[in-house]
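What follows is calculated from the coordinates using simple rules that are stated; it is not laboratory data. None of these values were measured; they are calculated from a predicted model. Quick reminder, even Gly has a Cβ in these numbers, built from the backbone with ideal geometry, and neighbours come from all protein chains shown.
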Amino acid sequence: MITGCGVVSPLGAGVPAFWEALVAGRSAVAPICGFDAGDLTPRSAAEVRASLPADPDRAGMFALRAASEAMEDAGLAGAPGARLGVVLGTTLGGMAIFERWEAVREPVSGIERVPYYAPAVRLARTVGARGPVATTQLACASSTHAIALAADWVRFGRADVVLAGGTDLLCRFVVAGFNCLRATAEVARPFDRDRRGLVLGEGAAVVVVEDAAHAARRGARVRARLAGAGAAADAVHMTAPDRDGAGAARAMAAALAEAGLAPRDVDYVSAHGTGTVYNDAMEAAALGRLFGTRRAPVNSIKGAIGHTLGAAGAFEVVACVQSLATGLVPPTAGLQVPDAGFAHLDLVQGTARRHEVRVALSTSSGFAGTNAALVMVRP
Amino acid sequence: MSERPVITGVGVAGPEPDAAHPLPGVVRARLARTERVTQLVLAAAGAALADAGLADTTGPPRPRCGVVLGTAFGCFLTNAAYQRGLVERGPAGASPRLFAATVSNAAAGELAIAYRLGGPSVTLSAGAASGLLALGHAADLLAAGRADALVAGGADAVGEDLAAWAADGGFGGGAVPAEAAAVVVLEDAQAARARGARVLATVEGYAAGFEPALGAARADGVVATVAAALAEAGVRAADLAAVAAWGRPRLAALVRAALDEALGDARATLGADGAGDLLAAAAPLGLLSALRAVPPGAAVLALDVCPSGQLAAVVARRGKEDA
């Protein structure tokens, strides 16, 4: 069960600000101002601009803030940590620490001693977790699998409550990297005929994954049931997605099978939708494989908050939980004219759509051909 | 309760190539152009898959076969190499080839391509405890029915940049890092039986936890995690034939005390003596060595405590027909 949500997003800190802006179709994409990007092309991104304290471990700080909101939302503030776990997805994690060390080569101190798992360890210490602690590294599908892993820990009795999500930060390392792959654009236009590439984002999204009986005992409000998870490899290419979308389709089909649901039961698909030529075509193919001609509304929130990499899937889960609760599907910011090849998709564009969502499907794909999917059901 | 998952193949790779387990030509071709963690993983997993009789390198991706890899430092060396180009030469020095490999799941992705693994492809980090955590997560994925066979274990590579980072206090283990990959093929018991696979061992139980105060006098989290792994396995401490524990020099005394408390006596042998700190590969390797050292049917415990406080324990039993 998901019993709480928290975010630090480019659209604002806190779920209410994030959701309101998402529904309004706003985009946080703008010229980078958080670090020197004068020599980078493109140089737009969706930065977290909320007033937050300077922190040598920016990604960890995002995660702490998001987790704190999620725990408060779940009514778990001050909960004892013996049966509490932490799992965060990230691609860059403590990259800020690493960049600084690379520059000065001075001894590393404090608890954040390793680039990748620093945020999860910091969060675990802060909340007093004594249960399992892990960092999932499935590139851009990292936090989707983090939430699946949390559900497994709960299912197999390894924890009663798990803080699960993802965090990533913007820095020169990653912007220059996606630029050199020629995968970026100044504006993200997911599923648009004129899409030119992705725009990076940053932030953290954390949900409280809780054992159903534990939630019932303490009278917690259940926001969504995590009904199924799936993961699959393309096994085709390291950076380019499988053009047939077979891997993504396998992950989605596995998640639906675990939930005991059929594709026709899905009311809404939160797509990975990065806005690159190949990703969106791959996903359209995967959705076509799975859904045939049946059209469930599809959107991508990456036009609004950019591609937050290791946090992307968790942001989608928070958005799906809101859609289940409100019956609103946010529009795909940046989408103007859908690609003619995607006529089989019911893309939500322009304004938010009022639509009853009982079953939401979120799908993520990443470098090295990794795919993960989650099915969420309204309680 | 579903049947316990079984180990049907094992593979280990270190700094030197393993002449006894030559890899298929298509895999060797991939090996030449990949980063170091991937090379170690391809070598170890190739041996494990061959051992299990599952080393296919052709045909469509196998949807019920996958990989769960644990790594403490993952793509650290690639990140450092890529970052150096960017710092020294600006955006023109950003290498697309290196950047594409600045994800810790690169090794799992290469392995999936080489051996046609179309099922779950998962990479985890829990610091030095990553290898055992990966083994445990693989067991859960099998129990959840998400796969029939998974390559599972730990791998880390070392190089100049990582040595410098470790020397500057990053990691905090107190031992010099060394590189290795140690993996098994973990398989659903029924699936293994159906294809007549040889059972080397059974994974009976696992537990993971967090010890926030490793500087304290007692390591209650370590004691609790060992107890939880034994409870899940239904194995009494007195029935363990061997214990392989990794605590790193800085934590050795604390881990030994915790093991004494959890197990009631002091049979544990602590690793990290001489060979260097094998990071995520250390505990899976310790588990395999322990299994080899005990008679068929006997149970062993492997434990790893990372200086970060992340820890995991696995209880396994040597197969009755493995002699």
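Over the protein assembly as shown, dividing the summed -39,500 (n - 2.57) contributions of all DSSP H runs of at least 4 residues by the number of residues returns a 222 nm mean residue ellipticity of -10500 deg cm²/dmol.
The distance linking segment B:278-300 with segment A:48-78 is 40 Å (Cα centroid to Cα centroid, whole angstrom). The listed peptides A:204-214, A:163-173, ordered by packing as a protection proxy, come out as A:163-173, A:204-214 (highest mean of other Cβ atoms within 10 Å first). For chain B, the membrane-span-like helix rule (DSSP H, alpha carbon extent of at least 15 Å along the helix axis, mean Kyte-Doolittle at least 1.0) picks out B:36-52, B:130-143, B:220-233, B:282-293; this says nothing about an actual membrane. Taking amide H as placed 1.01 Å from N in the peptide plane, the amide H of B:Leu117 sits under 5 Å from that of B:Arg62, each at least 5 places away or on another chain.
Between segment B:205-223 and segment B:30-59, the alpha-carbon centres lie 34 Å apart.
Of the residues A:Val375, A:Gly128, A:Thr167, the one whose Cα sits farthest toward the positive end of the charge dipole of chain A, with +1 on the Cβ of Lys and Arg and -1 on the Cβ of Asp and Glu, is A:Val375. Stretching the chain fully between B:Arg236 and B:Ala217 yields a gain of 4.3 nm (0.36 nm per residue, less the alpha carbon separation). The listed peptides A:1-8, A:339-346, ordered by packing as a protection proxy, come out as A:1-8, A:339-346 (highest mean of other Cβ atoms within 10 Å first). For chain B, a Gaussian network of Cα nodes joined below 10 Å ranks B:Leu69, B:Leu98, B:Leu150 by mean-square fluctuation, and the top entry is B:Leu98. Positive contributions from Lys and Arg (+1) and negative ones from Asp and Glu (-1), summed over other residues with Cβ under 12 Å from the Cβ of A:Met71, come out at -3.
For the options B:Leu291, B:Leu142, B:Leu251, a Gaussian network treatment of chain B with springs between C-alpha atoms closer than 10 Å singles out B:Leu251 as fluctuating the most.
Net length available on complete extension from A:His344 to A:Arg243 is 34.7 nm, with 0.36 nm assigned per residue and the Cα-Cα distance removed. Here the gap between B:Ala253 and B:Thr58, fully extended at 0.36 nm per residue and compared with their Cα-Cα distance, gives a gain of 65.3 nm. Database remark: amide H of A:Thr274 closer than 5 angstrom to the amide H of A:Asp280 (H placed geometrically; neighbours at sequence offset of 5 or more, or on other chains; Pro and chain starts carry no H). Under the criterion of Cα pairs below 8 Å and six or more residues apart, the relative contact order for chain B equals 23 percent.
Secondary structure note: in the protein assembly as shown, about 65% of the DSSP beta bridges are antiparallel. Say a paramagnetic label sat at a point 7 Å from the Cα of A:Arg193, along Cα to Cβ; which residues of segment A:299-332 have their backbone N under 19 Å from it? Residues passing the 19 Å test: A:332. Residue by residue, segment B:298-314 carries 3J(HN,Hα) couplings of 7, 9, 10, 10, 10, 9, 9, 10, 7, x, 6, x, 6, 8, 8, 9, 10 Hz when phi is fed to the Karplus relation 6.51 cos²θ - 1.76 cosθ + 1.60 (θ = phi - 60°); x denotes Gly or Pro. Using R0 = 35 Å, the C-beta based FRET efficiency linking A:Glu186 and B:Glu88 works out to 0.85. Distances between placed amide hydrogens fall under 5 Å for A:Val133 paired with A:Val86, B:Gly209, B:Leu311, all partners being 5 or more residues away or on another chain. Per-residue shielding of A:135-145, expressed as the average number of other chain Cβ atoms within 10 Å of the residue Cβ, stands at 6.
Estimated from the Cβ-Cβ distance and a Förster radius of 25 angstrom, the FRET efficiency linking B:Ala194 and B:Ser2 is about 0.95.
As a calculated quantity, the FRET efficiency between A:Gln336 and A:Thr126 at R0 = 41 Å, using C-beta atoms, amounts to about 0.45. Contact order for chain A, expressed relative to its length and based on alpha carbon pairs under 8 Å spaced 6+ residues apart, stands at 24 percent. Highest mobility in the GNM of chain A, judged by mean-square fluctuation with C-alpha springs under 10 Å and restricted to A:Ala103, A:Ala159, A:Ala311, is found for A:Ala103. Of interest is the spacing of the C-alpha centroids, which for segment A:320-340 and segment A:17-46 amounts to 19 Å. For chain B, the antiparallel share of DSSP beta bridges with both residues in that region comes to about 60%.
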